[in-house]
There are 2 protein chains.
Amino acid sequence: MHDAHIVGAGMTRFGVHESTLPDLFADAALPALDDAGVDADAVDALYLGNAMSGQIEGESHLAPTLASHLGLAGVPCQRFEDACATSSNAFKHAVRAVEAGQHDVVLVGGVERCSPETGKGTGAMTRIFASAAHGTYERPTGLTFPGVFALLTKRHMHEHGTTEEQLAEVAVKNHRHGSLNPRAHFGKETTVEEVLDGPVVADPFHLHDCCPFSDGAAAVVVTSAEVASELDAEPVSVSGVGHATDIVPIADKAHPSVTQSARDAAGQAYEAAGVGPDDVDVVELHDCFTGAEVLATEALGLIEDGQGGPAAAAGRTSLGGEIPVNPSGGLKAKGHPIGATGVAQLVELTEQLRGDAGDRQVEAADVGLAHNLGGDAATTLVTVLEAAR
Amino acid sequence: MHDAHIVGAGMTRFGVHESTLPDLFADAALPALDDAGVDADAVDALYLGNAMSGQIEGESHLAPTLASHLGLAGVPCQRFEDACATSSNAFKHAVRAVEAGQHDVVLVGGVERCSPETGKGTGAMTRIFASAAHGTYERPTGLTFPGVFALLTKRHMHEHGTTEEQLAEVAVKNHRHGSLNPRAHFGKETTVEEVLDGPVVADPFHLHDCCPFSDGAAAVVVTSAEVASELDAEPVSVSGVGHATDIVPIADKAHPSVTQSARDAAGQAYEAAGVGPDDVDVVELHDCFTGAEVLATEALGLIEDGQGGPAAAAGRTSLGGEIPVNPSGGLKAKGHPIGATGVAQLVELTEQLRGDAGDRQVEAADVGLAHNLGGDAATTLVTVLEAAR
């Protein structure tokens, strides 16, 4: 088996873009290829994540169109859709193909245009996102994703005493981190008071507990260790990828606040990498809502079960804290262009592990972990990366 | 590397169904598992093809929902979308995962509900399908897929003298084959006169040159040779899978009627299998329009370039002819539930190679080939299967 490495990374600013999907993707993919020092001719496959361009802008069969736009026509192309975990799954399959010797140089990326400014508006985008909830048991009740994660978080509050103030602390932290990230959708800080004074979207979530709908793209170049050694780029090692699902309807989950698929995927990734939660130096995780971050820090073993809220409030997950979570600002402040989010987490970790993260650099970052979740916390991919320097 | 085998196959009738997507998929997946003699507990991944459920019925994150419905929750699930080549690409990745030892038992399937009776009507479905054409250069002109393939076919007529009568002969053949297939959308035969008397959809195509919009599902179980040897099911060997793309816009293709991606994918599949076109006994290919079958028989090397039309008219590609093409009735008569089509071709070949195809059985069928195309003839997957008995 070959070892897989990330040898190049690129992403657009997340926010509002007027570019077409091919142009937006190119603004991430070409910098990733440049960063790797790889010509388009050397790429032998495109693994793409895009969740909802069919519904948002009537666009399908997108991967070959993007390949044509980048001068890659001819290589095998594939689009993955696994709700918000879309491009992490594209990445996993690219890694597996490189590990197995099926491909040597793979361009992996994600792209989505889902800002309300793209033309649909917040209401329509909320309905489109809700297509990832369960079609038989949930959508007919009117449940959309703020409600899904509100239910999971309410359960956690009931079981562990987590408070709205603690949730707000997650937003404050991620906005603070995002203010250090020039590519973040939101560049401004917020306060616990501002969060709690905001309108309620779905109890317990106020407006600033929720991530935005963003436009954006992210890309990485994955190669074998052999190819990586021939390049000038500083590689990052892909030490472990875990992928699990949980039963979809929330009402069927044995312990909703436990997010079992995250625990299963994390277990796989830790085992493959030969590391544990204590070895992780920097984390990018799926904070689509502040409550989701609380649940994830526990599911990943970074914080003791039930202590995710107090840990955030105590600064344990801040830059400079015990285990910095979402130095990029996370989905909350960096933004959430669905199909691009998973790979964007890997772009941030690549920069962190290379020591290139500027004002938001985590000190002595040698092991990074990404956690990307799809649907009713039903799909989770966890990736462990390690500095190869 | 492990050898991958198909050990179970199942599919629904193609046509009009009132079932939900999970129920429809179960009607293919559970028979496939039964055919393999494999319990749901033994399945360690779901690879799903679904092209357009987002646009058709507002459904995404479908793979984990189907897994939950089948009692497979927990296993890694992924949905592929590559236009009409969707489930062949899911199959390719399942095969690669088994070959690499990443999975032992994979359920691969496709499902789609796109009959006009599902609620959208023919006009809306045509527009939804057109989302797979190029969004910058083609869709704004009003081009839909009858037009895409009419352009390719007109070019072939110009270059090689292919006639509308020869195209009609393809429809007559595939309707005749479909009349022998109890799972076909269309069970009745047609005549050259009836085809030519039909309304023109996009010159040179009359109504009966075009495949229908269908509902349906298909599934196969893929295992390693080691697992296959422990089962009672008769395995079919996956000898080669090729996958290539071409530049997407028709206007940019060097030789539109040559369908280069099919030639590239076929070359890869033949090389991997160690066989050539003369070794193939039975073919399921992507006849979304009669002209597409003419181009594909040439691109696959089954018929000399330029002779696809006369070959169909002379019966060379009929059951009982030199190389039987689409004994199932093909997309033309069996139907085309987009995301299910690629795997349905493999289900037909599995039955043919096992000698279980009833009235449409090809004699001494030991080597089968499937050709599945997506978008502007831009994605093609070619799979070679061989009887393992």
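The values are calculated or read from the model by the stated rules, or taken from the named source; none is laboratory data. Because the structure is a prediction, the values reported are computed rather than measured. Note that we place each Cβ from the backbone using ideal geometry, even for glycine, and neighbour counts take in every protein chain shown.
Here is a check on your reading of the model: is B:A94 farther than 29 Å from B:V200 by Cβ and surrounded by fewer than 20 Cβ atoms within 10 Å (Cβ to Cβ)? So B:A94 does not fit the description; no. Six or more apart or on different chains, Cβ atoms under 9 Å: show the pairs whose first residue is in the stretch B:15-29 and within 11 Å of chain A (Cβ to nearest Cβ) and whose second is small (G, A, S) and outside any helix (DSSP H, G or I). Pairs that qualify, where the first residue is within 11 Å of chain A (Cβ to nearest Cβ) and the partner is small (G, A, S) and outside any helix (DSSP H, G or I), are B:T20/A:G135; B:L21/A:G135; B:L21/B:A217; B:P22/A:G135.
Okay, residues lined up against (1) farther than 30 Å from B:K253 by Cβ; (2) in contact with a helix residue (DSSP H, G or I) (Cβ under 9 Å, 6 or more places away or on another chain); (3) polar (S, T, N, Q):
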| site | (1), (2), (3) |
| --- | --- |
| B:H103 | yes, yes, no |
| B:G119 | yes, yes, no |
| B:H156 | no, yes, no |
| B:L167 | no, yes, no |
| B:N174 | no, yes, yes |
| B:H185 | yes, yes, no |
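Residue-level check: of (1) assigned to a helix (DSSP H, G or I); (2) closer than 19 Å to B:A130 by Cα, A:D41 misses just (2). No other residue among B:P212, B:P146, B:P204, B:P235 is crowded, with 18+ Cβ neighbours inside 10 Å, more than 29 Å from B:A378 (Cβ to Cβ) and in contact (Cβ under 8 Å) with a residue 12 or more places away in the chain apart from B:P235. Does any residue of the stretch A:121-133 turn out to be outside the structural domain of A:Q55 (by the TED database) and part of a loop (DSSP other than H, G, I, E, B)? Within the stretch A:121-133, one or more residues are outside the structural domain of A:Q55 (by the TED database) and part of a loop (DSSP other than H, G, I, E, B).
Which of (1) touching a Lys or Arg at 6+ places or on another chain (Cβ under 8 Å); (2) more than 14 Å from every other protein chain (Cβ to nearest Cβ) is the odd one out, the single condition B:A133 does not satisfy? Status for B:A133: all satisfied but (2).
The residues listed here are B:E117, B:E81, B:E159; of these, the one that is within 14 Å of another protein chain (Cβ to nearest Cβ) and not in a loop (DSSP other than H, G, I, E, B) is B:E81.
For the stretch B:262-283, does any single residue satisfy the condition of being surrounded by 24 or more Cβ atoms within 10 Å (Cβ to Cβ) and out of contact with any Leu (no Cβ under 8 Å at 6 or more places or on another chain)? No, there is no match, as no residue in the stretch B:262-283 is surrounded by 24 or more Cβ atoms within 10 Å (Cβ to Cβ) and out of contact with any Leu (no Cβ under 8 Å at 6 or more places or on another chain). Quick check on the stretch A:352-368. Is at least one of its residues in a helix (DSSP H, G or I), small (G, A, S) and either over 15 Å from the mean Cα position of the chain (by Cα) or within 14 Å of chain B (Cβ to nearest Cβ) (or both)? For the stretch A:352-368, residues in a helix (DSSP H, G or I), small (G, A, S) and either over 15 Å from the mean Cα position of the chain (by Cα) or within 14 Å of chain B (Cβ to nearest Cβ) (or both): present. Given the structure, is A:H156 farther than 24 Å from A:T190 by Cβ, over 19 Å from the mean Cα position of the chain (by Cα) and surrounded by 20 or more Cβ atoms within 10 Å (Cβ to Cβ)? Criteria not met by A:H156. Given the structure, is A:L66 assigned to a loop (DSSP other than H, G, I, E, B), at negative phi, without any contact (Cβ under 8 Å) to a residue 60 or more places away in the chain and out of contact with any Ser or Thr (no Cβ under 8 Å at 6 or more places or on another chain)? It is false that A:L66 is assigned to a loop (DSSP other than H, G, I, E, B), at negative phi, without any contact (Cβ under 8 Å) to a residue 60 or more places away in the chain and out of contact with any Ser or Thr (no Cβ under 8 Å at 6 or more places or on another chain). Within the bounds of the stretch A:370-385, is there any residue that is away from every other protein chain (no Cβ under 14 Å), assigned to a loop (DSSP other than H, G, I, E, B) and surrounded by 20 or more Cβ atoms within 10 Å (Cβ to Cβ)? So far as the stretch A:370-385 goes, no, none of its residues is away from every other protein chain (no Cβ under 14 Å), assigned to a loop (DSSP other than H, G, I, E, B) and surrounded by 20 or more Cβ atoms within 10 Å (Cβ to Cβ). Within the stretch A:103-126, identify whether any single residue is touching a Gly at 6+ places or on another chain (Cβ under 6 Å) and surrounded by fewer than 24 Cβ atoms within 10 Å (Cβ to Cβ), and answer yes or no. No, every residue in the stretch A:103-126 fails to be touching a Gly at 6+ places or on another chain (Cβ under 6 Å) and surrounded by fewer than 24 Cβ atoms within 10 Å (Cβ to Cβ).
Screening B:V105, B:V95 for residues that are more than 14 Å from chain A (Cβ to nearest Cβ) and of a type in the set (A, V, I, L, M) leaves exactly one candidate, B:V105. Within the stretch B:342-366, if we keep just the residues that are surrounded by 24 or more Cβ atoms within 10 Å (Cβ to Cβ) and either among the basic types (K, R) or touching a helix residue (DSSP H, G or I) at 6+ places or on another chain (Cβ under 6 Å) (or both), the residue that is nearest to B:I128 (Cα to Cα) turns out to be B:G342.
With respect to the stated conditions, A:H61 fails to be surrounded by fewer than 24 Cβ atoms within 10 Å (Cβ to Cβ), farther than 23 Å from A:G121 by Cα and outside the structural domain of A:A340 (by the TED database).
Selection over the stretch B:254-283 of residues that are touching a residue at least 12 places away in the same chain (Cβ under 8 Å) and either within 20 Å of B:G147 (Cα to Cα) or in the same structural domain as B:V95 (by the TED database) (or both) gives a count of 7. Only one of the numbered conditions (1) outside any loop (DSSP other than H, G, I, E, B); (2) under 19 Å from the mean Cα position of the chain (by Cα); (3) in contact (Cβ under 8 Å) with a residue 60 or more places away in the chain is violated by B:H286, and that is (1). Once the stretch B:30-58 is narrowed to residues that are free of Cβ contacts under 8 Å to residues at least 12 places away in the same chain and within 8 Å of another protein chain (Cβ to nearest Cβ), the residue that is nearest to A:A124 (Cα to Cα) is B:G58.
Cβ-Cβ contacts under 6 Å between residues 6 or more apart (or on different chains), taken from a first residue in the stretch A:167-180 that is assigned by the TED database to the domain that holds A:T297 to a second residue that is acidic (D, E) and part of a loop (DSSP other than H, G, I, E, B), are listed as A:H175/A:E189; A:R176/A:E189; A:S179/A:E189.
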